[in-house]
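Structure record follows, encoded as structure tokens.
The values are calculated or read from the model by the stated rules, or taken from the named source; none is laboratory data. These numbers come from a predicted model, not from an experiment. Please note: Cβ atoms are built from the backbone with ideal geometry, for glycine as well, and neighbour counts cover all protein chains shown.
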Amino acid sequence: MKLLLHTCCAPCAIYPVTEGKNDDVELTGFFYNPNIHPASEYLRRKKACVDYFESEGIELILPERNPGDYFINHGEAPREDRCRSCWGMRLFETARFAKENGFDSFTTTLLGSPYQEHDTLKELCREAAEKSGSRFYYKDFRVGFKSAHLKARMKGIYRQNYCGCVFSLVERHEAKSQKAKK
């Protein structure tokens, strides 16, 4: 099976890549994340993905970054709506690309994070598959989250400390400030 793997970051790709190899899947990474802010953070995550995929001998597709795709579609929506919309945008683009480029299925590393809404992500993947005419390959990658992130730390792979968007960066700084005040 030719599988397109939407990749949010290198540490989250480790377990799905391992599983794909174990399942004898022909994987290709797809680093589509116009939400990542600032540009320097985007470049750090992109480099970590390029280096990781190269070390695994797996192709990584790098669509052009256009942060406007994120801001035009998400603006000042409440967090719950903003995250769902952002995930949906990235997953639909992955599904569309998979269909138009001869992949059998697509999936996402977002399904490996215990910090994301797993059921919402599954629902969005199914919707993206239906709208694009592609197939969604589901696997619960959360079981490998801790081991993958430990492996990333041991290998010196860049590990970020916020989701990626400007809003999550602001929320992280606000929470850090509140903690410091206590």
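Side notes on the structure shown:
- For the range 106-143, a residue qualifies if it is closer than 20 Å to Val25 by Cβ and either among the charged types (D, E, K, R) or surrounded by fewer than 19 Cβ atoms within 10 Å (Cβ to Cβ) (or both), and the qualifying residues are Lys122, Arg126, Arg135, Tyr138, Lys139, Asp140, Arg142, Val143.
Conditions tested, residue by residue: (1) out of contact with any His (no Cβ under 9 Å at 6 or more places or on another chain); (2) hydrophobic (A, V, I, L, M, F, W, C).
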residue	(1), (2)
Leu3	yes, yes
His6	yes, no
Ala13	yes, yes
Asp24	yes, no
Phe30	no, yes
Ser40	yes, no
Lys47	yes, no
Asp51	yes, no
Ser55	yes, no
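- Total residues in the range 9-50, condition assigned to a loop (DSSP other than H, G, I, E, B) and either surrounded by 16 or more Cβ atoms within 10 Å (Cβ to Cβ) or among the acidic types (Asp, Glu) (or both): 11
- Neighbours by Cβ (under 6 Å, 6+ apart or cross-chain): first from the range 79-106, farther than 22 Å from Asp140 by Cα; second surrounded by 16 or more Cβ atoms within 10 Å (Cβ to Cβ) and modelled with pLDDT under 95: Arg82/His74
- Test for Lys99: is it assigned to a helix (DSSP H, G or I), surrounded by 17 or more Cβ atoms within 10 Å (Cβ to Cβ) and touching a strand residue (DSSP E or B) at 6+ places or on another chain (Cβ under 9 Å): yes
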